[in-house]
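The values are calculated or read from the model by the stated rules, or taken from the named source; none is laboratory data. Here the structure is a predicted model, which is why all the values come from computation and not from measurement. Every residue, glycine among them, receives a Cβ derived from its backbone with ideal geometry; neighbour counts consider all protein chains shown.
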Amino acid sequence: MLRNARLDINVEAKPGARWAGYPAVDAAVAPSAVLPDTPPPPTAIGLIAGGGGLPLLIARSLRAMGHPVHGLGLAGQYDVALPHLCSTFREVGLLRLGTWGRILSKLEVHHAIMVGKVDKARLMHDPWRMVRHLPDVPTIMAWLRLKRDRRSHAVLGLVADELTRSGVTLLDSTAPIPDQMSSLGVMTRRVPSPEQMADVEFAWPLLAHTLRLDIGQAIAVRERDVIAVEAVEGTDRMIERVGRLCRASGWVLCKGARIGHDRRADVPTVGINTIKNMHATGARCLALAANDVIMLDKDEMISIADRYGIAIVGMPPAYGGEQPMSALLRPHGAAHAESAAHGAGSFDVANITADVDLGAESAEELRADAHPEAFTQTPRPSA
């Protein structure tokens, strides 16, 4: 079986179907990398680890699945607890791609997962980077091939190619943690307010543009105005920047993945620190592309969000084109029951009233947008 293969599709509206009036985005769906499934246990898996809690989560999940984990910790990046979760562990240089491949190959490890934070701004734009992180020859040769484009997806392709030369295949980094992915609908007990959902609906097509251009994975908005767009600094630093720019509370953070995002690395990730940073800077709503964003320690993250009064909602992925108003969803299960008991507003499309200004002409339009039978997905003819 192959993972993450995407069809090249074209969305066509049937006669009478209506959209919410978003600006058009190129809807062509480029196929993403076709990744192999995680091999069955007890196949050994390499773990190339940067900073943060995600490598720890992946290591624990792989161990629970029955895989021996052979860790390569990037110098100065990995968590000190990681070596204790690995069958073997080596610290490696950040720009030593040839070394990574040789170590894993000698261990007869032919599959690896690469996760964790690397401060790209500090690495890519440090004039002394080649001195601070002495690269090996394969890294230098690969770097010289990236003259025209050094954005994240291009760098990932470079890493994957170099590891392949050593007989090591990078795997989908989300495969061991399906329960930690964002889900569709309201995930917290707190429901987004009409004003917050209006901001999400405003920002979502804009996010699709920035994702398509591979500028960043997040955008911050308040009262239908863009406060900040994430770039090389990462989401946490962007949130700090929003706190300096926006003194009023109630702003909204939207985060997703580019179309055809290569899940071998740099999968959008949020966690408990994201919620704490949002709370400290006055944010009140987090909108995530469903099944495209990793939520570290998901249950605890949602619990803390409720404690801080921050709503979390999963939206249809921001792949471009107009999004139907069916994106407005009720909270599920017990969360919905609790919200109803407290008189919280719900966002079932069937109950949307015309006085909620979400960019459509009337409540009837919103209800029309909610019916998926009005749209068909037809295969795009191959070139």
field: Residues of region 30-71 that turn out to be of a type in the set (A, V, I, L, M, F, W, C) and buried (at least 22 other Cβ atoms within 10 Å of the Cβ), as a count
entry: 9
query: When you go through I272, I215 one by one, which is the residue that is within 21 Å of M187 (Cβ to Cβ), among the β-branched types (V, I, T) and in the same structural domain as A311 (by TED's automatic domain parsing)?
result: I272
task: Quick one: which helices (runs of 4 or more DSSP H) lie wholly within region 33-125 and hold at least 3 residues that are within 24 Å of I177 (Cα to Cα)?
output: 54-65
- prompt: Would you call V200 assigned to a loop (DSSP other than H, G, I, E, B) and buried (at least 17 other Cβ atoms within 10 Å of the Cβ)?
  reply: no
- prompt: Residues of region 97-106 being of a type outside the set (K, R) and over 21 Å from D37 (Cα atoms), which ones?
  reply: L97, G98, T99, W100, I103
- request: Identify all residues within region 203-237 that are of a type in the set (A, V, I, L, M, F, W, C) and surrounded by 22 or more Cβ atoms within 10 Å (Cβ to Cβ); write none if there are none.
  value: A203, W204, L207, A208, L211, A218, I219, A220, V221, A228
query: Of these, V221, V229, which one is touching a Cys at 6+ places or on another chain (Cβ under 9 Å), in the same structural domain as M295 (by TED's automatic domain parsing) and in contact (Cβ under 8 Å) with a residue 12 or more places away in the chain?
result: V221
- prompt: When only residues in region 241-298 that are surrounded by 24 or more Cβ atoms within 10 Å (Cβ to Cβ) and charged (D, E, K, R) count, which is nearest to V226 (Cα to Cα)?
  reply: K255
- line: Of the conditions (1) surrounded by fewer than 24 Cβ atoms within 10 Å (Cβ to Cβ); (2) in contact with a helix residue (DSSP H, G or I) (Cβ under 9 Å, 6 or more places away or on another chain); (3) under 30 Å from M141 (Cα atoms), the single one that L171 does not satisfy is (2)
message: Considering only region 184-195, I want to know if a residue exists there that is in a helix (DSSP H, G or I), over 18 Å from the mean Cα position of the chain (by Cα) and either of a type in the set (S, T, Y) or crowded, with 18+ Cβ neighbours inside 10 Å (or both).
response: no
